[in-house]
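All of the numbers you see were taken from the coordinates with simple rules; none came from a lab. Computed from a predicted structure; not experimentally measured. Heads up, the Cβs are rebuilt from the backbone with ideal geometry, glycines too, and the neighbour counts pull from every protein chain shown.
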Amino acid sequence: MSWTERQRLMLREMGLQVWSPAAEEAPLAAPVPPPAVAVPAPTVQPQRQAVTGPVATMDWDTLRVTVAGCQACTLCSSRRNTVFGVGNPNAHWMIVGEAPGEQEDLKGEPFVGPAGQLLDNMLRALQLTRSEAEPERQVFIANTLKCRPPRNRNPEPAELAQCEPYLMRQIELVQPKIILAMGRFAVQSLLRSSEPIGRLRGRVHQYQGVPLVVTYHPAYLLRNPSDKARAWDDLCLALERLRVAPVRGGDPGAGAA
Ligand code: SF4
């Protein structure tokens, strides 16, 4: 599939109307160059501490079991399931959301329900998937919090702080080539920034040497469809970042996990 076809599919999947008679009449004779997505220089973030404590040395299976039995904050008393994450543990793309909602808590999987469907549509348009696939195509999706806050209230700072080492260790183990931070709490946790999404999106940040792009949470996009075009721009930016620096962490000497 050409980039132009993918772009049209993406926009349609996200609910944006596309009118392109030239493409209908002569799709092969008049190829359109890829969208010119400027990739601004990465934004320098404050140096973060690496994961410390027992979580720092956990392998994938130990981490999963530890999260499943975690009682480090009060959310353990009301959860039905922990939501560890889903996807390929060697994925090139990592998507970080906020906290599980009711459906996620029931199913033990992030991004289910309408917001999850929108995310899956967005991923499909980029030929990415959460289902089984090779690391180049299969994303890993995790949340900032692994347990659902009651009545979907906002996470408390103390809960985010308690849960953060799990996400940090997941990122260390996955070693993604690009991170998409979706929503305010994912951004606050990964970038240590309380600036609004609108101010942080549109440029490439860094998380522990990994390029990070900020975008809107799919649940927000369902409530504010006019921002879907901006989310599309963010995905284009992330894809373009991978194209210009197709190595882990932007280090030309780095190899695959
Ligand atoms: S939210 Fe995180 S820190 Fe709190 S109980 Fe669940 S896994 Fe543990």
Determine the shape class of segment 94-249: with a ≥ b ≥ c the square roots of the Cα gyration tensor eigenvalues, call it rounded for a/c under 1.5, and otherwise prolate if a/b is greater than b/c, oblate otherwise. rounded
Please report the net charge: other residues with Cβ closer than 13 Å to the Cβ of P196, K and R +1, D and E -1. +2
If amide hydrogens are placed 1.01 Å from N in the peptide plane, which non-local residues have theirs closer than 5 Å to the one on N143? G97
If the label point sits 7 Å along Cα→Cβ of R243, residues of segment 197-225 with amide N under 19 Å come out as 202-205, 211-214
Sorted by chain and then number, the residues having a modelled amide H within less than 5 Å of the amide H of V112, at least 5 places away or on another chain, are E104
Taking Lys and Arg as +1 and Asp and Glu as -1, residues besides R148 with C-beta under 10 Å from its C-beta add up to +2
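Does segment 58-115 come out rounded, prolate or oblate by the C-alpha gyration tensor, with a ≥ b ≥ c the root eigenvalues, rounded set by a/c under 1.5 and, if not, prolate when a/b is larger than b/c and oblate if not?
oblate
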Theoretical FRET efficiency, 1/(1+(r/R0)^6), r = Cβ-Cβ of N81 and R199, R0 30 Å, to 0.05: 0.30
Under 11 Å from a point 7 Å along the Cα-to-Cβ line of E156: which residues of segment 67-97 have their amide N that close? 73-76
